[in-house]
């Protein structure tokens, strides 16, 4: 039991970074990406985003901090879901929180089980490719879980398009976040920050 608690132990700095980054990315999607999607007329806007940056935050947090990021991510999910689900917190919302929180750790376990080392310490792999691959696998898990949970609320003709939107949005969220970080680091190096 002590070994498990050590694995999930996090400092207040880890908690703050993961929690704030996840919540900020969620607010960005809610107040910028969703309105653009609605203006374009996407029929599945209330269920899925074509650019879901919080998925990128999940993947990077778990990649960097491993199990120590699970509790801060779970708390971040618990914080933002009631804000955007019209203040209600139901079993459906809790199930979505659990799927969103655990899809990335499940993907990392699956990749590790296959024998592919995507850890920060492994210098033999291109990390951005590994992160994108794990993000895609986690997106498949997340897409299937969310589609299953939300199936009573989704019009049957939209099931496949919403599943695809989850998959595309999560994967583009990981890719976009990696691109933003890459450009930020290059600018920081260029200007000596």
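The values are calculated or read from the model by the stated rules, or taken from the named source; none is laboratory data. Because the structure is predicted, anything quoted here is derived from the model rather than measured. All Cβ positions, glycine included, derive from the backbone under ideal geometry; neighbour counts span all protein chains shown.
In the range 110-131, of all residues being modelled with pLDDT of 85 or more and buried (at least 17 other Cβ atoms within 10 Å of the Cβ), the one that is nearest to residue 175 (Cα to Cα) corresponds to 131.
Among helices (runs of 4 or more DSSP H) entirely within the range 87-193, having at least 3 residues that are touching a helix residue (DSSP H, G or I) at 6+ places or on another chain (Cβ under 7 Å) and touching a residue at least 60 places away in the same chain (Cβ under 8 Å) singles out 127-150, 159-190. Among the residues of the range 39-53, is any modelled with pLDDT of 90 or more, within 26 Å of residue 16 (Cβ to Cβ) and in a helix (DSSP H, G or I)? Yes, because at least one residue in the range 39-53 is modelled with pLDDT of 90 or more, within 26 Å of residue 16 (Cβ to Cβ) and in a helix (DSSP H, G or I).
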